[in-house]
Structure formats: C-alpha cells, structure tokens
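Shown next, in structure tokens, is the structure this report addresses.
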Amino acid sequence: MCGIVGILGTDEVTPRIFEALERLEYRGYDSAGIATLNGAIERRRAEGKLCNLAKALKDKPLSGHSGIGHTRWATHGAPITLNAHPHVTEDVAIVHNGIIENFKSLRDELIAKGCNLETETDSEVIAHLITIYLREGFEPRDAVKKTLQRLDGAFALAILFNNHYDLMYGARKGSPLVLGYGEGEMYLGSDALALAGLTNKISYLEEGDWVEITRDGAVVFDENGQIANREVVVSNVSGARIEKGNYRHYMLKEIFEQPTVVGETLSSYINHLQGKVELPELPFDLKDIKKVTIIACGTSYYAAQVARYWIERLSRTTVCVDVASEFRYRDAIMEEGDLALFISQSGETADTLAALKYCKSHGQKIAVVVNVLGSSMAREADVVFQTHAGPEIGVASTKAFTCQLAVLAAFSIALGRAKGKLSEKDEKEMCQSLAEVPSRMAEVLYHDDAIKKLAIDVAKARDVLYLGRGSDFPIAMEGALKLKEISYIHAEGYAAGEMKHGPIALIDENVPIIVLAPTSKLFDKTISNMQEVIARDGKVILISDKEGIEAQGSGTVATIEMPKVNDIATPMLYAIPVQLLAYHVAVHKGTDVDQPRNLAKSVTVE
C-alpha cells in the first residue's frame, strides 16, 4: 500500500520528493517521512497526512541532493511518528512497501547481535540487517544482495548509504517498483505516477529484480543475481497536479466525471456507427472459451459479480467469481485453456496479482481489466482491456468502477456474439443502449441536490440496508461498501429475496433501506420484498424509473427517479445515486471523504 520515491539529483531533492509523495498519498496516509544525505543521514517524519510532514519540514528544513521518501499505510506497528519511514541506522536509510513475513526471527537475531530496534515495524529489520553486513566488511552491493536473500514476504525497497552520495539501491518482490531516467539524475518510485513530475523515461522492474543506481544510470539484477536488461519506455502519465476544480472533494469531482470517462471507455470498445463491439485483437478465439473465472477485490469484485449476470445470460458460458484473497487457498479446479479474467483499478492489487500467477501456472488464458496500462497485471496478461477513467484520487472508487462495468458489458456482448447466443440485432440494440449511457448518467446527476437532502436523515442512522435483485444486487453491495468506507456507518447489501431468511430481523423505524428496483422482469419480486420491509416500519428509499415508482405507489419515505434503460445499462446508472448518497452522508457527518481512515487506494500487500 505504501508509496515510496527516491532521487539521486543534481540539486535539492526534498521539495521534489515531497511533490512525488503528494501523488502517492492515495497509497497510504498514516504517516510520512523523507531522509537525505547531508554530511550524514538526516530525516524528518510526521504522523498523519502529508500536511503534517510539510509543517515539520518548514520548522526544520532538510537539505541534500540524494534522498528517499515514504507515505505509509500501517501494517506492523501503530501509525505514529516512531514507526514512520524512513528507517535509519548510522549507515543506512530505507523505505519499504510490503510485509516482511519472517521479521520476528530476524528481529530476535539482530537484538542478540546488539542492535537497538526502536520501532514496532517489520521494515526496521531491513536497515539493521544491511548495517550488520556492512560492519562485517561487505560492500553495499553485497550487503544488499545478502539482505534480500534473507527476506521472506513482499517488498519494494529504496536504500541510501551514508557517505555514498552517488548510490541508491532498489528491489522488488511482490510489490511494484519503477526506475526512472533523467538528465544526470535517476529516480525510483512505486509507480509511474510517482515519477510523472520527474521523468517520462521509465523501466518497470520485474519480480525479483534489484537495481544499483548512480546518477549516470542503473544496473538491474534479476532474482538470480544476473544482469538483466529491462526495457526503457516512455510513460504517458501526466505530471500535472490533479486539481479538484470547483468541487469540494475529489470524490465528488470523480462522480461527476463519469459521463465523460464512461463515454470514452465505451467508445474504445464499441463501433457506434455499425452498432457492434470491437475488442482488442485477442490471442485466442472467444467461441472456444468454456468457462470464465473472474477474480477481483473490493469494488472490483462487485463489478465482477455484475459481469457474471451479463456473461451467463448473454453467452450461456459458465462463470465463477472469486474474491482474490481467498481464491488461491481453495485449490480451484481449472481446465487448461479456459479464461481467467482479473479486474483491478491499479493493476497492482497484491491478492489479485498472486491469483493471476496461480491461474497462469494452471494453463488459463489471462485477460485483465485495468486502468493503468503499464501495471504489473497488464504486463502479465495475454490481453488487456484498459479502462479510461483517468487518475482517480478519491480512495473510494467511483468512476473506475463504472468504467470497469462499461468494459465488462462490451466483453459480455462480444462473448455472446462469438458463442452464437446473440443475434446481430441483439448486439445493435445493446450497443445503442450503451451509447446512451453517458447522457443518461448526466440525467441521474441532476438528482444531486435531492440526494443531498435525503442524506441528512440517513446520516443519523446506525445501520443502513441496501436491497437489489439480479445485476442490481452487486450494486446494492457496492452502495453499502461506499457508505461504510467514507461515512463509517454500518451498512450491508442484500439480495432482496434473502431478507426473509434473517436480515429482516434488523428492520425497525430507525433503519433506512435503499431499494434498487428498475422495471425489469425481477421488479415485482423486488417490490414484494420491499413491502415486507415497509410492513415492519422500515424507512424505504426507492430508486427506480418512473414506471416503477408509479407502480409502487405509497409507503416509501423518498424516491429517486432513474431513466428507463436496457438491463445491460442499469448497473452503471444505478451506481451513481448510491455513490452520491454515501458522499453526502459522509460530508454531513464531517468525515474525511477523499482519505477515509484506515484505507488506501492501492492494496499492494496480502
């Protein structure tokens, strides 16, 4: 989760490291710190967000032309200044993203050798282990190599050595790391975005790589210690600071960007003139796919759940959906030649990446839906379905989610056509419906003021339930997740028909229930379940189209009228009101919308 950056520069590096950390703060904001070489290793750290580190640097500036920085999502040890990175000894400074699984045994070994470990973190053992090897007479390269051989777990590292002003090391195992090339300068970063303001010439280190960096260039070694040539590519990630514009929060800005970015994403997969889906060139034939395994985490998992409804209905292909963190541990049965489809905004999610490698080793064809083209998953895949959401700064995903749905809708149609289950007429009708999604999204956004008013009462609740059927059931779960993430209100999404099997016991006059009920073939059943809730004094907010709202009549405390669209378009549209409701509830409660407690945008540890 953590963000790391390193610079071997030609002038003061602290301002540029800090600016890079601002781009990386989505990875964690429990604490932050910078270390430079300035006669000795000097360090400034602060608990909490980067504004606290900025104050520390203003009170006590930090000089040096070589430096490393870190913004933390806490794993081992409380999120306090003492546990903040960089971790240092007299000889070494390190920043670390990941988890060292054998840190306890290493820590005991280091203490037995007289090392004074001050923190509760797993990361601190790395600095002390390198220091031990240096004091045993090893040169920096060998000290790093020997240390890496001792570490079990996942890590991305940047390492500075005292009195070595033209030297830095980086290493990656299970966590991403990018090498950047400048004019007389070199850089390390967690991703291309970290280095976007510094250089557009980058290399993606591969699994097990470690690198020796000077201002003249870099030598990359593979996991066997052999020199490896890693391609230098030109990144198109912008270094421009993403601004909120007139919006109060990034999340609100990103919600309102959805008509544009979903439109751009759909346009890259649908030929609107011909009314047909055009996927990227595939290295396999879709008609040969007998089973699709879809794997994701969090919000992306709910996109996968929606895709299951689409794929099975439109192509009659068997679909299995798994939470990535559980998938590898159930010994899934996988027939060689089937398709494994992975969904991740960042393309770096550790659990999902590990599952991808498992599937690859079991002979699966690998496709990924990602927002970052140069990500680890994209580089591992046989085919990449890129979303075009652009940078998403708010930790709670909004536009990335609906762009994932857009891609998955196009894929589902293409698979249905390839399998002969959809006619050309069916494809044209669905493509026309998807073409209308951006304008229909804009219509939904007109309800923002009304939803803002509804949020005042919802914000008083201790518990909130979301109900839906079919492809709207995952949207109900996503709505509940959004509310939990940013308002800290307990919320659950349920299949509406499951209420009578237990959850209905939770209903009373203090529990708001958000019901998603477009007028599809499941509408009547959903409304029947809603009536069961109303009969028990539940406070129902109905989200439906005009026909559905009129058919329901009285009994609800509020309604949100949605456009009437084809079933394949409803999940993308119905995601918006639940996003807006969560947003306005959080604002009313005064929580930190863009950086909610305990969370990070990119989950790069298991």
Single residue of ALA32, ALA40 found to be within 17 Å of VAL95 (Cβ to Cβ) and open to solvent by less than 50 Å² (accessible area, probe 1.4 Å): ALA32
Qualifying residue in the range 89-101 (condition: modelled with pLDDT of 90 or more and among the charged types (D, E, K, R)): yes
Hits in the range 156-171 (condition: closer than 23 Å to LYS201 by Cα and open to solvent by 10 Å² or more (accessible area, probe 1.4 Å)): TYR165, ASP166, LEU167
Counted residues, the range 55-77 - those being among the small types (Gly, Ala, Ser) and open to solvent by 40 Å² or more (accessible area, probe 1.4 Å): 1
Test for PRO577: is it assigned to a loop (DSSP other than H, G, I, E, B), of a type outside the set (A, V, I, L, M, F, W, C), surrounded by 24 or more Cβ atoms within 10 Å (Cβ to Cβ) and in contact with a helix residue (DSSP H, G or I) (Cβ under 8 Å, 6 or more places away or on another chain): no
Filtered residue count, the range 261-312, keeping only those that are part of a helix (DSSP H, G or I) and under 24 Å from ILE576 (Cα atoms): 21
Hits in the range 130-139 - residues which are of a type outside the set (A, V, I, L, M, F, W, C) and without any contact (Cβ under 8 Å) to a residue 40 or more places away in the chain: TYR133, GLU136, GLY137, GLU139
Test: residue in the range 516-538 that is open to solvent by 10 Å² or more (accessible area, probe 1.4 Å), modelled with pLDDT of 85 or more and among the acidic types (Asp, Glu): no
Filter result for the condition that a residue is closer than 21 Å to PRO571 by Cβ, of a type in the set (Phe, Trp, Tyr) and touching a residue at least 60 places away in the same chain (Cβ under 8 Å), over TYR466, TYR488, TYR494: TYR466
Qualifying residue in the range 142-154 (condition: surrounded by fewer than 16 Cβ atoms within 10 Å (Cβ to Cβ) and closer than 23 Å to MET186 by Cβ): yes
Enumeration of residues in the range 513-531 that are touching a residue at least 24 places away in the same chain (Cβ under 8 Å) and part of a helix (DSSP H, G or I): PHE523, LYS525, THR526, ILE527, ASN529, MET530, GLN531
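Counting just the residues of the range 386-402 that are in a helix (DSSP H, G or I) and modelled with pLDDT under 95, which one comes out surrounded by the fewest Cβ atoms within 10 Å (Cβ to Cβ)?
ALA400
Anything in the range 239-259 that is touching a Gly at 6+ places or on another chain (Cβ under 9 Å) and modelled with pLDDT under 70? List them, or say none.
GLY239, ALA240, ARG241, ILE242
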Some residue of the range 487-498 being closer than 20 Å to VAL557 by Cα, more than 28 Å from the chain's Cα centre (by Cα) and at pLDDT below 90: yes
Failed criterion for GLN305 (all others in (1) free of Cβ contacts under 8 Å to residues at least 60 places away in the same chain; (2) farther than 30 Å from GLY189 by Cβ hold): (1)
Residue ID - least open to solvent (accessible area, probe 1.4 Å), chosen from residues in the range 253-297 that are polar (S, T, N, Q) and over 26 Å from VAL321 (Cβ atoms): ASN271
Unmet criterion (only one of (1) open to solvent by 10 Å² or more (accessible area, probe 1.4 Å); (2) hydrophobic (A, V, I, L, M, F, W, C); (3) part of a helix (DSSP H, G or I)) for VAL372: (3)
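Evaluate the following for ARG43: is it within 21 Å of TYR187 (Cα to Cα), touching a Cys at 6+ places or on another chain (Cβ under 7 Å) and of a type in the set (D, E, K, R)? Break it down into steps so the answer makes sense when it comes.
Values: within 21 Å of TYR187 (Cα to Cα): yes; touching a Cys at 6+ places or on another chain (Cβ under 7 Å): no; of a type in the set (D, E, K, R): yes.
Considered against the rule, which asks whether it is within 21 Å of TYR187 (Cα to Cα), touching a Cys at 6+ places or on another chain (Cβ under 7 Å) and of a type in the set (D, E, K, R), ARG43 comes out as no.
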Subset tally (residues that are of a type in the set (D, E, K, R) and either crowded, with 24+ Cβ neighbours inside 10 Å or out of contact with any Lys or Arg (no Cβ under 9 Å at 6 or more places or on another chain) (or both)) for the range 177-212: 3
Selection from the range 382-412 of residues that are of a type in the set (Ser, Thr, Tyr) and under 25 Å from GLN595 (Cβ atoms): THR387, SER397, THR398, THR402
Filter result for LEU273 (at pLDDT 90 or above and not charged (D, E, K, R)): no
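Give me the helices (runs of 4 or more DSSP H) completely within the range 409-507, filtered to those with at least 2 residues that are open to solvent by 20 Å² or more (accessible area, probe 1.4 Å) and more than 21 Å from ILE255 (Cβ to Cβ), ordered by residue number.
424-435
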Residues within the range 314-346 that are of a type in the set (D, E, K, R), surrounded by fewer than 17 Cβ atoms within 10 Å (Cβ to Cβ) and under 29 Å from LEU422 (Cα atoms), tallied: 3
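The values are calculated or read from the model by the stated rules, or taken from the named source; none is laboratory data. All figures in this text were calculated on a predicted structure; none of them were measured in a lab. Reconstructed Cβ throughout: ideal geometry from the backbone, glycine too, with neighbour counts over all protein chains shown. Each accessible area value is taken on the protein alone, full model and side chains, heavy atoms only, with ligands, DNA and RNA left out. Shrake-Rupley method; radii C 1.70, N 1.55, O 1.52, S 1.80 Å.
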